[in-house]
1. Order these peptides, 4-17, 43-56, by their mean beta-carbon neighbour count within 10 angstrom, highest first.
2. For the residue pair Arg112 and Thr32, what label-to-label distance in nm results when each label sits 7 Å from Cα along the Cα-to-beta-carbon direction?
3. Can you compute 3J(HN,Hα) from phi for each residue in the range 13-29, using the Karplus curve 6.51 cos²θ - 1.76 cosθ + 1.60 with θ = phi - 60°, rounded to whole Hz and x for Gly and Pro?
4. Test of understanding: what is the full-extension gain from Tyr104 to Asp84, defined as 0.36 nm times their sequence separation minus their Cα-Cα distance?
5. With Rg and Dmax of the Cα atoms in Å defined as stated, name the option among (1) 15.5, 54; (2) 15.1, 46; (3) 18.9, 57 computed from the structure displayed.
6. Along Cα→Cβ, 7 Å out, is where each label goes; now give me the distance between the ones at Asp14 and Asp49 in nm to one decimal.
7. Would you mind checking the tilt of helix 82-91 against the longest principal axis of the Cα atoms of the chain, expressed as 0 to 90 degrees and rounded to 10?
Amino acid sequence: MTIQTCRPLLNVADIEASLGFWRDLVGFEVITRFESEGRLAFVNLRSGDVELMLNARGGDPAPRRARPHYTEAVIYLGVDSVHDLVRDLRAKGRDAPEPEAQQYGLDEITLRDPDGYEIAFTSPTR
């Protein structure tokens with residue numbers, strides 16, 4: 001398996017303030033915007049080959065908001081096939097969840113590293 005991309009997702013308290021920092025101060029450009037209930041809820045940013053996602057705590061679907069680690073960063077790693085990754089992990093004796101198709105066009109699983117950080121592995125939805 002080759003990791004193809006790494007895109008951190010930062011769950012932020014004030015997405016407009018964070019966007020101002022990353023876009024206006026640091027120089028990232030907005031690739032994707034998502035609004036919920038008339039408020040900015042998510043942005044995907046890019047600078048060169050680097051992507052960063054900002055997620056507003058209040059604008060997220062309830063299941064994600066309910067996670068106890070919601071304020072942590074989430075590291076998104078893009079792979080060829082998350083389904084193949086699950087098969088490989090299980091062959092190595094690791095308990096791996098079934099990939100879930102996300103509304104943003106990716107199949108995804110999340111695992112925790114030994115220190116408890118959330119790692120999301122993704123590939124384009126089949």
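1. Details: 4-17: 14.8, 43-56: 17.0.
Peptide ranking by packing, descending: 43-56, 4-17.
2. 2.7
3. Coupling constants for the range 13-29: 6, 10, 5, 5, 5, 5, 4, x, 5, 6, 7, 7, 8, 8, x, 5, 10 Hz.
4. Numbers: separation 20, 0.36 × 20 = 7.20 nm, distance 2.01 nm.
That works out to 5.2 nm of additional length.
5. Label of the calculated value: (2).
6. If labels sit at Asp14 and Asp49, their model points lie 3.5 nm apart.
7. 40
Read-outs throughout are calculated quantities, based only on the coordinates presented, and are distinct from any laboratory measurement. Because the structure is a prediction, the values reported are computed rather than measured. Note that each Cβ is placed from the backbone with ideal geometry, even for glycine, and that neighbours are counted across all protein chains shown.
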